[in-house]
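Presented below is the structure to which this report refers.
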Amino acid sequence: MSDLRAAVAAGALGSEESYRELLQAVVEVARAIFGARASSVFLHDEETDELVFEAVAGEGAGELVGKRFPSSTGVAGWVLVTRQPLVIEELEQDPRFAREAAESTGFVPKGLMAVPLLHEDRSLGVLEVLDRPAQAAFSLKEMELLGLFANEAAIALDLLQKARHARAVLQNEGEDVSALARFAQRLEDAAKPRSACSALSTSS
């Protein structure tokens, strides 16, 4: 049982790292393609009802990952709840902009694009691209491109949550671990009849 548990734990931890790397790649590429000052992915932590920085490129990278704030906060909170993409060229003039929350991150953007990260029937989080170079108008093609990034980020977030859940199960010494032990025992029991049949066929 200990060997099986260690193997599953290693797999869960390894998966979490790979999914975090995928999220980081998404924000890095999104920032580069849109020429933005920053890009970030937020995860909605349903247990605490908070938005959590999971990946950041550009301004705040290396400092904001793990930072939390209430899920109803600012533009990200609006996009999470409504499940609608949003483009704001002048944030200071938008009532949804939470300046205090932005100041707490050390970076106050002037404009942004934000899309919800949707998987099946769940709103997992938000992808934002902040402070693109000034241009005449935001195009539909840009929104379609941002949607592609959102799809990749949503898949990675879903897998990240599943990996974390698997790790939590392994760390729990209650019923979940007992269930894993029973499952392992069933696998061993199921293998015994096949081994016996193989021995009989060999002797005959």
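The values are calculated or read from the model by the stated rules, or taken from the named source; none is laboratory data. Computed from a predicted model, the values in this text were never measured in an experiment. We place every Cβ from the backbone using ideal geometry, glycine too, and count neighbours over all the protein chains shown. Keep in mind that these areas ignore ligands, DNA and RNA; they rest on the heavy atoms of the full protein, side chains included. Shrake-Rupley method; radii C 1.70, N 1.55, O 1.52, S 1.80 Å.
Straight Cα distances below 18 angstrom link Lys110 to the aspartates and glutamates Glu59, Glu89, Glu90, Glu92, Asp94, Glu100, Glu128, Asp131, with same-chain residues fewer than 8 positions distant left out.
Annotation for segment 80-132: GluC sites (Glu not before Pro) lying in DSSP loop with at most 12 further Cβ atoms inside 10 Å of their Cβ are Glu90, Glu120. Under the simplified labelling scheme, the Asp94-Glu47 pair shows an inter-label distance of 3.1 nm, with each label point 7 Å from Cα along Cα→Cβ.
Here segment 64-131 exposes an accessible surface that is 49 percent carbon and sulfur, computed with a 1.4 Å probe and the other protein chains kept in place.
Overall shape: prolate for segment 6-160, with the ratio a/c of the largest to smallest alpha carbon gyration tensor axis at 1.5 or above and a/b above b/c.
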